[in-house]
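Working notes, beginning with the structure itself.
A short reminder: the numbers here are calculations on the coordinates, not readings from a lab. Because the structure is a prediction, the values reported are computed rather than measured. Cβ coordinates were reconstructed from backbone atoms using ideal geometry, including for glycine residues, and neighbour counts include every protein chain displayed.
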Amino acid sequence: MRQHLNEQLQRWGFSWAGLRDNRHGEWWVLAQMGLIAAHALPPEPSLDAFGLDWPWPLRLSGALVVLIGLAVGAQGALNLGDSLSPLPEPIAGAPLVTEGAYGRCRHPLYQSLLLCSLGVALLLGSLLHVGLLVTLATVLAFKARREERRLCELHPDYAAYRQHTPTIIPRLPGLDWN
């Protein structure tokens, strides 16, 4: 098991040197993982502290948004197959994927994470989780920009794909650029 994990980390491009100097975008992955893990924190301050009751329709819509986010992420991961990597550095020799979830946006896995984060914020009615959502969106936008620079270098067709496919969230400033 440990051998398989080490092989997969090497295949993705993770290294101790990269953790020190961010050569393949390792710091973006660490920031992303930390923010995702922080979603397990309780909703503090709770809305009860302000005398507010979070309506159940918003809680229910939050759960639905999480499920949609999970479905988008599953489709994106399946579409990438062996090209899937947590790093913004594409795997050497990986083909450019523009079908399925990648036909709707260029970064459906990031879109999935943001949908799940939004869903958690709605589910919990938490100001903390709204802050986590905004911070995660910022990290993913910077990570996507780094990834796109490399994709443009590696895939001549990427520039054309970029022109007609939204980035992460269509028409949302900061999360959609060409």
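Structural remarks
- Rounded to the nearest 20 debye, the dipole magnitude of the chain is 240 debye, with +1 charges on Lys and Arg beta carbons, -1 on Asp and Glu beta carbons, and the Cα centre as origin.
- Relative to the longest principal axis of the Cα atoms of the chain, helix 56-80 runs at roughly 10 degrees.
- Taking label points 7 Å from Cα along the Cα-to-Cβ direction, GLU99 and ALA160 give a separation of 1.7 nm.
- Highest-fluctuation residue, HIS164, HIS107, HIS129 considered, GNM on the chain with Cα pairs under 10 Å: HIS164
- Stretching the chain fully between ARG20 and ALA49 yields a gain of 6.2 nm (0.36 nm per residue, less the alpha carbon separation).
- Inter-label distance for LEU9 and LEU127, nm, one decimal - labels placed 7 Å from Cα along Cα-to-Cβ: 3.9
- Structure-derived volume of the Cα convex hull per residue in Å³ - corresponding label in [x] 155; [y] 134; [z] 115: [y]
- Of the residues VAL72, HIS4, PHE14, the one whose Cα sits farthest towards the positive end of the charge dipole of the chain is PHE14 (charges of +1 on Lys and Arg Cβ, -1 on Asp and Glu Cβ, taken about the Cα centre).
- Here the 3J(HN,Hα) profile of the stretch 125-137, calculated from phi with Karplus coefficients 6.51, -1.76 and 1.60 at θ = phi - 60°, is x, 10, 5, 4, 6, 5, x, 5, 4, 5, 5, 4, 4 Hz, Gly and Pro shown as x.
- Between helix 26-38 and the chain: long-axis angle, C-alpha atoms, 0 to 90°, nearest 10: 20
- For CYS105, distant residues with modelled amide H under 5 Å away: none
- Expected 222 nm ellipticity per residue - DSSP helices of 4 or more, -39500 (n - 2.57), all of the chain, to 500: -20000 deg cm²/dmol
- Extreme residue, positive dipole direction of the chain, given options CYS116, GLY62, THR167 (C-beta unit charges): THR167
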